[in-house]
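Written out below as structure tokens is the structure these notes cover.
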Amino acid sequence: MNVPPKKRLGPLLLIAPAAILLGVFLVLPYLNIVVMSFRMPGQGTPYGPGFTLGNYGKFFSDFFYIQQVINTLWIGFLTTFLCLILGYPVAWQLARGASAFRAVGYALVLSPLLVGIVIRSYGWTILLGNNGIINRTLTGWGLIDGPLPLMYNALGIIIALVHVFLPFMILPIMSAIQGIDPSLEAAARSLGASKVTSFRRITLPLSLPGIQAGCILVFVLSLSAYVTPSLIGGLRVKTMAVTVVDALIDTFQWPFGSALALMLSVTGAIVVVIFGRLTVMKWKA
Amino acid sequence: MSKPFFTVYCLIIYAFLLAPIAVVVIASFNAGAFLTFPPQGLSFRWYLVFFNNEVFMRAIRTSLWIAAMTTVISGIIGTMAAMFYVTHAGRLKETVRVAMLAPLLLPEVLTAISLLFFVYSVGLGTQNLVGMIVGHVLITLPFVFINVSASMESYDPAWSLAAQSLGAGRFTRFRRIMLPLIKPGVIGGCLFAFIISFDVFTISFMLKGVGMSTLPIQLFDYLRTNFTPEAAAVSTCSIVLTMAVVIISEKVLGLRIHRF
């Protein structure tokens, strides 16, 4: 059967603008940044002529940057772990709790996502600063003599990051639990399993895909977070993303900045793949 | 875990989620010159300072303008892609979906950096808004796509065929059959694209030209050196604006916006 060319071309025209946009402004720039990381550093220009492995050499030979990657990974791990611990019960309540709670709770979990990240981080500076609400209240009650160091350190960054990314943990787990047939839990209970056993043997294993999705999302987002670490950490604690952006904006080291950004992404990707393997293995076993 | 304990636990988490936002709103009504708690009396003083601050007002205008442009472009491209995805993609369906969601899955800071290098490499630079708007379109495209394709789930291609057999042309079929059915998804996706574009930071920060700060950038710059409640007033206005968009769309227009 001969289909007229116009008919076959029509549908492709629908996807063409998106394909061109993603191809030209997402795929090409990502390829470009890989090439950029092998370019020579420039003198007065963002990059010089010719190619080199020196940018990666500089990364691996300077313990400062490796230490920073390790710090960033630690902050990412802790943020993800805390989000999981804090978020799971809420996700369970949103999926299985009384319906009055569910609608309000869902709105409460989603609403922080609608507030810009700069504003949310600013809120934490008001709360955590040396003259912030928490320190003033505790001093006022006579519980502490001087301000607790809550800001300009990793602790403050983790608190704020947990807040910013908690919804991204809660929502996938919530949909995973919603997808579990409640009669499975009821069957376990009727066969004499305690609430804890039914949760441990039925609900938790079946919600693992949601946990996995949430953990990967939060981990990746916290590795590449810029605003929160930069406002809360100040100049004292810098995560990798902050160093990368500063290297590019302030000192114009494009090739080295690209190498740093790619090293961070590759490390993050390796962690995600290992985590994915481990959780799948555990899931099967 | 006993039931009351569990409920209290969840309430604490909700309080934790709302705390920094509530604090910003309360701080904006502070009468004093510094952020102190409890506030030294209530006043709209800092709102007046903010409304008379041309730097912030210009940033708001820039943000609104960029968000409007982004919404139109992203809305059209995203809707077309969603139509292709639902009705024509066939075996490519999963590929199209992953590609359309890619800007959401890739780290924003890396996308921003690579886009910055790219606009310089091709000679666009950052002194026009092209790079910035392209970045915003990339980031908002997944939201339009998700919303429109969700609204097309129940769409039956037979309706379009029926209209075709009755002599309706391609454009008439789109305008009279498809568009009314996917309208809630398109409006929802566009509203969400607008909010995302208005709030996005990293992309704007990397791709802004001199003197073209959006509101979040201006706020960020301000917060690095100033501690007056003016920033809280600016933030509160921004929060009210986004919340208004969501409440109007969900309550008045009766839309359900898909965020995931």
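Starting from the Cα coordinates of chain B, work out the convex hull volume and express it per residue in Å³. Numbers along the way, then the final one.
Values: hull volume 51.4 nm³, N = 260.
Each residue corresponds to 198 Å³ of Cα convex hull volume.
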Worksheet item: Can you give the percent of C-alpha pairs in segment A:1-100 whose distance is more than 15 Å?
Response: 81
Worksheet item: Around A:GLY48, which amide H atoms from residues at least 5 apart in sequence, or from another chain, sit under 5 Å from its own amide H, with H modelled in the peptide plane?
Response: A:MET40, A:GLY42
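With an 8 Å cut-off on Cα pairs and a minimum separation of 6 or more residues, tell me the relative contact order of chain A in percent.
Working: 302 pairs, mean separation 76.5, N = 285.
For chain A, the relative contact order is 27 percent.
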Worksheet item: GNM on chain B, C-alpha springs below 10 Å: top fluctuator among B:THR214, B:THR172, B:THR242?
Response: B:THR172
Worksheet item: Which whole number of Å³ per residue matches the convex hull of the alpha-carbon atoms in segment B:1-81?
Response: 156
Practice prompt. Could you size up the charge dipole of segment A:78-239 around its Cα centre, putting +1 on the beta carbon of Lys and Arg and -1 on that of Asp and Glu, and report it in debye to the nearest 20?
Written response: 120
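Given a Förster distance of 56 Å, report the FRET efficiency between A:ASN130 and B:ASN128 from their Cβ-Cβ distance, rounded to the nearest 0.05.
Details: r = 43 Å, r/R0 = 0.76.
The formula returns an efficiency of 0.85 here.
Can you pull the Kirkwood radius for chain A, inverse mean 1/r over Cα pairs, to one decimal in Å?
Details: mean 1/r = 0.0446 Å⁻¹.
Radius from the Kirkwood sum: 22.4 Å.
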Response to the item:
Result: in the protein assembly as shown the number of Lys pairs with C-alpha under 26 Å apart, spaced 8 or more or on different chains, is 10
Worksheet item: Along segment B:64-75, what does the Karplus equation 6.51 cos²θ - 1.76 cosθ + 1.60 (θ = phi - 60°) give for ³J(HN,Hα), rounded to whole Hz, x for Gly and Pro?
Response: 5, 5, 5, 4, 5, 4, 4, 4, 5, 5, 5, x
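Could you work out the relative contact order of chain B, using alpha carbon pairs under 8 angstrom and six or more residues apart, expressed as a whole percent?
On the way: 304 pairs, mean separation 76.9, N = 260.
For chain B, the relative contact order is 30 percent.
Going through the DSSP H helices of chain A, which span 24 Å or more along their own axis at the Cα atoms while scoring at least -0.5 as a mean Kyte-Doolittle hydropathy?
Details: long enough: A:5-22 (25 Å, 1.09); A:63-96 (49 Å, 1.15); A:154-178 (34 Å, 2.17); A:254-284 (44 Å, 1.29).
Membrane-span-like by this criterion, though nothing is claimed about a membrane: A:5-22, A:63-96, A:154-178, A:254-284.
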Practice prompt. Identify which of A:ILE70, A:ILE157, A:ILE211 has the largest mean-square fluctuation in a Gaussian network model of chain A, with springs joining Cα atoms closer than 10 Å.
Written response: A:ILE70
Worksheet entry | Label-point gap, in nm, between B:TRP159 and A:VAL273 - each point 7 angstrom along Cα→Cβ | 4.5
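Show me the chymotrypsin sites (Phe, Trp or Tyr not before Pro) within segment A:127-212 that DSSP assigns to loop and that have at most 16 other Cβ atoms within 10 Å of their Cβ. Walk me through the intermediate numbers first.
Numbers: sites: A:TRP141, A:TYR152, A:PHE165, A:PHE168, A:PHE199; in loops: A:TRP141, A:TYR152.
Of the chymotrypsin sites (Phe, Trp or Tyr not before Pro), the ones in loops of segment A:127-212 whose Cβ has at most 16 other Cβ atoms within 10 Å are A:TRP141.
Kirkwood Rh and Cα-based Rg: tell me the resulting Rg over Rh for segment A:78-239, rounded to two decimals.
Values: Rg = 18.8 Å, Rh = 17.5 Å.
Across segment A:78-239, the Cα-based Rg/Rh ratio is 1.07.
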Worksheet item: Build a GNM of chain B with springs between Cα atoms under 10 Å: which of B:ALA244, B:ALA158, B:ALA22 gets the top mean-square fluctuation?
Response: B:ALA158
Worksheet item: Could you give the distance between the Cα centres of segment A:1-80 and segment B:175-229, to the whole Å?
Response: 23
Worksheet item: Toward the positive end of the charge dipole of chain A, about the Cα centre and with charges on Cβ (Lys, Arg +1; Asp, Glu -1), which of A:ILE66, A:ASN55, A:PHE168 goes farthest?
Response: A:PHE168
Discussion item. Testing the spin-label approximation: label points 7 Å from Cα along Cα→Cβ at A:LEU148 and A:ILE85. State their distance in nm.
Written reply: 1.5
Discussion item. Pairwise over distinct Cα atoms, reciprocal of the mean inverse distance: report the Kirkwood radius of the protein assembly as shown in Å, one decimal place.
Written reply: 25.3
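Only the coordinates and a few stated rules stand behind these numbers; no lab work does. Since this is a predicted model, take the numbers as computed values, not measurements. Positions of Cβ are backbone-derived with ideal geometry, glycine not excepted, and every protein chain shown enters the neighbour counts.
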